[in-house]
Structure formats: C-alpha cells, structure tokens
Amino acid sequence: MMSAIRLLMLVLFASWSMFAWAQPPTLQTMLNAESEQQDEVTTADQDNMAIVVDDYNRGSPRTSMEGYLNAANRNDFERASQYLDVRNLHAEAAEVTPADLAKQLKQVLDRQLWVDIHSLSQSNLGAPNDSLPGYRDLVGKIATPDRTVNVYMQRVPRPDGVFIWKISNASVSQIPHLYAIYGDGPIGEALAPYLPEFVWLGMQSWQWLMILALFVGAFVITWPLFWLVQRFIAQRHANPELLNHFISGPLRLLTVVLVVRSQFELLRPSIESRAIAEGQTLLIIAVTWVLVISLELLRQRTHRKLLRTGRDQAALLLRPLFNVLKTLVVLFAFLIWLENLGFQATTILAGLGIGGLAVALAAQKSVENIIGAITLYISTPVKAGDFCRFGDQTGIVEEIGLRFTRVRTIDRTVINIPNATFVDLHLENFAEREKIRFDPAVQLRLDSKASQVEQVLVTLKQALKDHPMVDDEPLRVRLQNFATHGLKLNILCYIKTTDFNEYLEVAEALNLTILRILEENQVSPADLTQYRLVQGES
C-alpha cells in the first residue's frame, strides 16, 4: 500500500519544472552519484591520512558530513547537532537550539544544495590546493536573493585538543537566514504539527498534501469552464464525441498541470524532487496527448472533406499517414523527456544509427512506393475508376495502394505497377475530359462537282450546329486538300458528354447524317481500293 502511495506521489510531482535560485542536478547526475563507489583516495589524501578516533566519526570533511546527513535522515537531530560548530554564533542563531539548527539546515540542504559526498576530502587535513585555508573545505554554495552563502566544513579542536571536522560556525550562523527563505514557510509551519512525520524524496507530508490539494483544486476550478465549453460544442456540432473527449481529457489535463506549475513556489520542494520534476513528465504527457488528439481531429475533418469531393482513395490513406505523424510526436516527446532528465538523447540516437541505417536501406523501395502513393493522392493525376493511358498501356485504375497501383487493361488483364514507377510515367487521364472530340475521316470522289461539294459542306455544317449534343465551339467543316484518292474533308467538333457509350451513340448518328447528306447531293465517298493492272503477253 505504501509503495502504491509513493508511486502516486511521484507521478503527481513529476508534472512541472522547478523555479529556484540554485540549479538542481538532473536525475541522471543523482543516479550516477549514487552508483559511484569511490573507495579510493587521492595520493595527497594518502600522504596526509591519519586515524582520528571519534565517537561521531568526524575525522575528515567527508566522514563528518556523511555522519550529519545520516543522523538528519533518521530525524536524530540531537546527534546531527554534534556535527555543527556552535561556538561564537551570531545572536539570531544563538537563540536557536543546536538540534533545531541541525533540523533547519537539513531542510535547507534538501531544498537548495545537492551535497556530493564523494567530492569532499577523506584526509584529516582537508583538501589540498583548493584556494582555501587548510582548516576549511567548501561543501557548496547556496544562492539567496541578496547574496550567496558558502557552506564550509571546518577543522576545530575537541575539548581534549584533538582536531575534528564540523560544519563551520560561519555557516551555522547563516542557518536562520537560509531557513527563513527556504524553510517550511507559513503554510508548512501551520500544517506540519498536525500531520504525521513522513519524508520521501526530501519532501515532507505537508508538501505531498499540498501537491494533491493543488491538483484537486485545479480540477475543481476548471470544471465549470470546461462544462460550459462542452455544452456550447454540443449545440453546434452533430457529432461532438471526439471534440468533447479532447476538451475533457488532454486539454483539461494540460490546463490543470499549468495551473499547478504556476503555484510551485508554495511547495518549496527538495533537490531530489526537483530533479525528477525537471523531467516535466506530466506536462510532456499532457502536451503529447493534446497533439495526438489534435491530429486525430484534423484527420477526421480531412477525411470528411475528401469523401465530399469524391476522393475516397485519398481518404483511405489518411489513417496510416496520421498514424506515422502520431508516432513521430510520441517519439519526439520521449526524446525531450530523456533530455530533461539529463540523458543525452542524441547519444541514444547515434547508438541506433547503424541499425537504423540498415533498416532504412532495406525499406528504401517501400518508402519510395509510399511516397509515390502520397504524391498520387495529393496531386491526383488519376484516381480509382479513371480510364487512362500510362506509358504504352491503357486501362482503368482500380486501386491506388501504399505499394502498388492496380490497373485493369482493355484486355481485362491486371497490371500491378509500383507507385514509385507509376508516378514517373506519362499519364493521360481520359476521365478528365469535359467533352469528346468527333473528327471522322471523310474523302469524296475526285470527280465530284464543285457545286455538289460546296452544298455538302454547307448542309453538313448546319446539321452539326443543329444537333443538341454538338458543342458550338470549335466547329469546323472544310475542304482540306486534294488527296491521292479523293477530296479530303476536315470535320471537327466536340460531343458534349464524358460518357464514352453516349459518345458512340451520338457519333453513330452523326456518321449516318453525313451519309444521308452525301446521298442527297449525289456525292459518293472516295474509293480507297487500290487496283493493280497486269499487262499480259501479246
């Protein structure tokens, strides 16, 4: 049960980045620091190493600070006070008991200074060559609005004259000032006495309670606003389910996270929790959720638009295309999260580079075909059901898939052409014609009289003009030239239809009209038959 509660607290707290004067370490830095086992000491430490017998193990800066932190983490502040030099304190610090000073310092360190134990010297003489007096070592620096406070370990004598290491009295004198800035504050001091002692990730029970209260309060405060928005959408949209889900789910979560982030200073979180919060886990989840649902809304809207315009095949391509976009959004969000935690996402990607290159080479043709399909759907030179000429073939496009375009030829055979190849072919789309050309090849006999030919031209042109299916422009009936076998007529007009079967009916009627006009004017078509005369022997 306790582990579940702690997991809930961790998820709740990982929702916003921290604002603080001291730059917190990243989660990776903290994990590396905990995993490092630096049992070795430097050569200088070995030269200056001397055994100091002390009940509190205060023989070196490292062991003394480690002893203080261990005692403070156990809430044994009486023992923790033995690591503070309380001699000659300022008046404000002298009024506070040593145990309370140790407790206040623990809260300040938890919230503002990550103490790297391994950076402190194990020598009883301190760290050499650190630009400090030999009796003093620097633990770290805490920035305040008005100045920077240095936390020192100092070599001081015990009552028996043996030198040990304690947190310097100069640093201890600054504890009340630091606690006033980074302590519990009015809210913590009011709530802490009524709550059980509980510390996790450097956060006390009242801080976890405040986190939970902020989330609950943010949900309650934003509920009326989002309820009104949903009612407004329900009145204006016929199918508002996904849009309502977008508002009540990701958009509301994002709003709540931003509200909680804005109240961050009330919590006074610890360094450990700040390092986790730097990952912005909930914020990234909320933003990613918003983007994914927004893409889905865009897909549905585009899908409806394509269906209204009759582009059914393009509508089918939207789902895999938007799934790729959603995957990229999630992957990008994951990389940002890793970067926020202190991990080098670029290094991870570089490690995957060789494998990614192999996959890319293997999938090269597939990617080319997918890009070809996208090009066909976007530019739409042809679509399913169109009769077209591609290269030296003609047929009806049956399907444009992600890899192949399926075409049924006039001979009723099926050709599957890779999209990458099909998109580069010369495509002639007969389905895009708004009308069909009619230009019969008509030749009259060479012995036809000029008056007869002239009457044929006038009558034929008027017949074409009077036909309801013949377009007015262009319309041409001319005697073009004298051909080898007859008088060649140039007849050109357009039939006002895109249905080829209807065109054949109109063309048939027009051809019969031409024959009747020739008969009425006693003009015969040219005989294109060739005869070979063979002269026999005499």
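The values are calculated or read from the model by the stated rules, or taken from the named source; none is laboratory data. Keep in mind that what you see is a predicted model, and the values were worked out from it rather than measured. Positions of Cβ are backbone-derived with ideal geometry, glycine not excepted, and every protein chain shown enters the neighbour counts.
Here are a few things to note about the model shown:
- Whichever residue in region 76-92 is touching a strand residue (DSSP E or B) at 6+ places or on another chain (Cβ under 8 Å) and either surrounded by fewer than 15 Cβ atoms within 10 Å (Cβ to Cβ) or of a type in the set (Asp, Glu) (or both) and, among such residues, is nearest to residue 168 (Cα to Cα): 85
- Filtered by the rule that a residue be free of Cβ contacts under 8 Å to residues at least 60 places away in the same chain and either of a type in the set (Ser, Thr, Tyr) or touching a Gly at 6+ places or on another chain (Cβ under 7 Å) (or both), region 160-178 gives a lone residue, 171.
- Scanning region 113-136 for residues that are closer than 19 Å to residue 80 by Cα and crowded, with 21+ Cβ neighbours inside 10 Å yields 113, 120.
- Within region 171-211, the set of residues being aliphatic (A, V, I, L, M) and not in a helix (DSSP H, G or I) comprises 195, 199, 201, 203.
- Residue 418, sole failed condition from (1) touching a residue at least 24 places away in the same chain (Cβ under 8 Å); (2) touching a strand residue (DSSP E or B) at 6+ places or on another chain (Cβ under 7 Å); (3) closer than 30 Å to residue 471 by Cα: (3)
- Restricting the first member to region 180-194 and to residues that are over 19 Å from residue 109 (Cα atoms), and the second to residues that are surrounded by 13 or more Cβ atoms within 10 Å (Cβ to Cβ), the beta-carbon pairs closer than 8 Å and six or more apart or on different chains are 187/206; 187/210; 187/266; 191/206; 191/209; 191/210.
- Failed item in (1) exposed (fewer than 11 other Cβ atoms within 10 Å of the Cβ); (2) more than 29 Å from residue 388 (Cα to Cα), with residue 501 passing the rest: (2)
Residue-wise test of (1) of a type in the set (Asp, Glu); (2) in contact (Cβ under 8 Å) with a residue 40 or more places away in the chain.
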| site | (1), (2) |
| --- | --- |
| 427 | no, yes |
| 438 | no, yes |
| 447 | yes, no |
| 456 | no, yes |
| 469 | no, no |
| 478 | no, no |
| 483 | no, yes |
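- Breaking point among (1) touching a Lys or Arg at 6+ places or on another chain (Cβ under 6 Å); (2) modelled with pLDDT under 75, for residue 363: (1)
- Filtered residues of region 56-87 (kept if in contact with a Lys or Arg (Cβ under 6 Å, 6 or more places away or on another chain), closer than 21 Å to residue 118 by Cα and without any contact (Cβ under 8 Å) to a residue 40 or more places away in the chain): 71, 72
- Of residues in region 467-482 being part of a loop (DSSP other than H, G, I, E, B) and under 60 Å from the mean Cα position of the chain (by Cα), the one surrounded by the most Cβ atoms within 10 Å (Cβ to Cβ): 469
- Any hit, region 432-453, residues being surrounded by fewer than 16 Cβ atoms within 10 Å (Cβ to Cβ) and of a type in the set (Phe, Trp, Tyr): no
- Single residue of 356, 310, 279 found to be out of contact with any Asp or Glu (no Cβ under 6 Å at 6 or more places or on another chain), at pLDDT below 70 and assigned to a loop (DSSP other than H, G, I, E, B): 279
- Taking the criterion of being hydroxyl-bearing (Ser, Thr, Tyr) and closer than 27 Å to residue 107 by Cα, the only residue of region 202-229 that qualifies is 205.
- For region 168-187, the set of residues classified as under 19 Å from residue 80 (Cα atoms) and either at pLDDT below 85 or touching a Cys at 6+ places or on another chain (Cβ under 8 Å) (or both) consists of 183 only.
- Subset tally (residues that are among the polar types (S, T, N, Q) and at pLDDT 80 or above) for region 212-231: 0
- Residue 209 vs. criteria at pLDDT 75 or above and in the same structural domain as residue 100 (by TED's automatic domain parsing): no
- Complete set of residues in region 60-81 that are part of a helix (DSSP H, G or I) and among the basic types (Lys, Arg): 62, 79
- First in region 396-407 and within 14 Å of residue 380 (Cα to Cα), second anywhere and of a type in the set (Gly, Ala, Ser) and surrounded by 18 or more Cβ atoms within 10 Å (Cβ to Cβ), Cβ under 7 Å, 6 or more apart: 400/373; 401/373
- As a summary of the residue check, residue 493 satisfies the conditions (1) under 60 Å from the mean Cα position of the chain (by Cα); (2) surrounded by fewer than 17 Cβ atoms within 10 Å (Cβ to Cβ); (3) closer than 16 Å to residue 442 by Cβ except for the one numbered (2).
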